[in-house]
Every structure is written in C-alpha cells, then in structure tokens.
Amino acid sequence: MQVAAETVVHLQSVHKRFGALHVLRGVSFSVTKGQVVAIIGKSGSGKSTALRCINRLESVDEGQIRVCGHQVHDAGLDKRALRRDVGIVFQSYNLFPHLTVLQNITLGPTSVKRMPAAQARELALDVLARVGLADKAGSYPEQLSGGQQQRVAIARSLAMQPQVMLFDEVTSSLDPELTGEVLKVMEKLAAEGMTMILVTHEMAFARNVADQVIFMHQGQVWEQGDPEILANPSTPELRQFVGNGL
Ligand code: ADP
Ligand code: MG
C-alpha cells in the first residue's frame, strides 16, 4: 500500500484584502514534505502576500491555512510556535550590522529557543558550513558581498531548524554574478530534502529545481503543475509571462 506524502503546508480558498483591494482571491495549494514549490507571476499578482500569510505576517480574511499542524488562520494561533517551524528569507537580508555573522546567527536560537550559548555557537558554525561560509563567522555584514550576506541570512533562518523554508525573491537585489552562489545554496537545501516554497523570477532555477510550479495571476493560482508547464503553458497568461521572462 502506498502511503500518502505528508502535507506540510495547505492553503484552502484563501482570501486576503487590503481595504478595497482584493489581493488573494481563493488561493488553494498544498506542499508535501521535501517538496520544492516555485511561485511565479507578474508583480502585484499576490505572490508575496501568499507567502506572508503562510507564516502569519499577514492574517487571512477567509479560508484556511494549515502549516505543520498549526491552524494559521486561527485568531488564537501561537505565532512563535509557528515561526519556529517556518523560516522566511526576504530580498533584503536584514542582518544586524553591529553583530558578527556568528552573533547574527546565534541570536535566534539563544533568545527564542533559549539554547545554551555553546550549543548555539556549534549550531551556527554548522549552518555556516552548509552555506559555504564557515570562514566568515567573525566578520561583520558590511565586510561581506551581497551574495554572502544573503547566504548568512539563509544560515540564520536554518539555525532555527525550521520544517519549511519560504524564500521571497532572495536573489532579486543581487548583481547577476552573485545570484548563482545563492541559488546554489538553495539547490543544495532542496537536495537535502528541505521543504521549500520560493517566489522567484529565476525561470531556469524553477525549471531545474522545483517539483511544482505555481503561476499566480490576479490573486489566483492560474496554472499549476510540474516545471513542464513552463515549456507548455495551458493559458495565454502563462504563455505571455514565460515569453517575457525567458
Ligand atoms: P507580488 O509579490 O506578486 O508582487 P504582492 O503580494 O506584494 O504581489 O502584492 C499584491 C497586491 O497587494 C499589490 O497590489 C500590492 O500593492 C498590494 N499590497 C501588498 N501588501 C499590501 C499592504 N500591506 N497594504 C496594502 N496593499 C498591499
Ligand atoms: Mg513580491
């Protein structure tokens, strides 16, 4: 008998409005353990909002979101508990400039998880090695390139040992020559089995690394499937999007 893959993230008919602006219009999708899902779509289609709803940086108006057993739509949600399970990395790295790379990473585990300092340090060195920056523990953010800073931001998120990682256009502010090193780290995480949802403009990455691609248009999941949909879109909207994007 085949055992169904464990659903880690599930959105059901999610609606989100900002005032009169109806940004998410009945968004539903599921992500199973170890899956890599790429969300693509035009600017303003609701990609970031969908991601932000998943770790409750935004609340939803209608519908349900379940993440690692948390009822995210529930008014009584324990946000701290949710965010221990869900890491998020943004376009901007938001590292503390006055702290070393190591201190930036140990801050979460020691304060949020109350991990002993020595253990947090070991963990930080471990996650830094995973993003290829073991030698930068004592550096300050300003001494690093944008690509390195973004890898530190990913390491900081990994140090919280999340079940799911969300990435919102993490390479968009990087020069092209620094994009590759960040994508490589994400590809490695994917290969290690991390469950990931990423909003990206990197079509080659979506095609090569994602298990599922979600094309959002006007606040809806317009098209969804394996990366093959990028080569063979069913809708004129996706056809136009990949036509412009490739
Ligand atoms: P995307 O990430 O696909 O570019 P977003 O989810 O950021 O799209 O935004 C979708 C729409 O919602 C846009 O029109 C944007 O201006 C609007 N929006 C996003 N966040 C807010 C907010 N906090 N307040 C008001 N409008 C917002
Ligand atoms: Mg966005």
From Val101, Val27, residue being of a type outside the set (Lys, Arg), closer than 25 Å to Val8 by Cα and buried (at least 22 other Cβ atoms within 10 Å of the Cβ): Val27
Listing of helices (runs of 4 or more DSSP H) fully contained in region 143-246 that carry 3 or more residues being β-branched (Val, Ile, Thr): 176-191
Output for region 30-45, where each listed residue is among the small types (Gly, Ala, Ser) and surrounded by fewer than 21 Cβ atoms within 10 Å (Cβ to Cβ): Ser30, Gly34, Ser43, Gly44
Residue among Asp74, Asp85, Asp78 that alone is acidic (Asp, Glu), within 17 Å of the chain's Cα centre (by Cα) and away from ligand 1 (no atom under 13 Å from the Cβ): Asp85
Failed criterion for Thr200 (all others in (1) of a type outside the set (A, V, I, L, M, F, W, C); (2) surrounded by fewer than 21 Cβ atoms within 10 Å (Cβ to Cβ); (3) within 14 Å of the chain's Cα centre (by Cα) hold): (2)
Residue under evaluation Ile54, criteria (1) touching a residue at least 40 places away in the same chain (Cβ under 8 Å); (2) touching a helix residue (DSSP H, G or I) at 6+ places or on another chain (Cβ under 8 Å); (3) of a type in the set (A, V, I, L, M), criterion not met: (2)
Helices (runs of 4 or more DSSP H) wholly inside region 19-112 that include at least 1 residues being hydroxyl-bearing (Ser, Thr, Tyr) and within 13 Å of ligand 2 (Cβ to nearest atom): 47-54
Matching residues, region 39-71, being of a type in the set (Gly, Ala, Ser) and within 13 Å of ligand 1 (Cβ to nearest atom): Gly41, Ser43, Gly44, Ser45, Gly46, Ser48, Ala50, Ser59
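Take Ala117 and decide whether it is modelled with pLDDT under 95 and surrounded by fewer than 14 Cβ atoms within 10 Å (Cβ to Cβ).
no
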Qualifying positions in region 2-18 - more than 14 Å from ligand 2 (Cβ to nearest atom) and not in a loop (DSSP other than H, G, I, E, B): Thr7, Val8, Val9, His10, Leu11, Gln12, Ser13, Val14, His15, Arg17
Flag if Thr195 is buried (at least 17 other Cβ atoms within 10 Å of the Cβ), at negative phi and of a type in the set (S, T, N, Q): yes
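The values are calculated or read from the model by the stated rules, or taken from the named source; none is laboratory data. All of these numbers come straight from a predicted model, not from anything done at the bench. With ideal geometry, Cβ positions are generated from the backbone for all residues, glycine too; neighbour counts draw on all protein chains shown.
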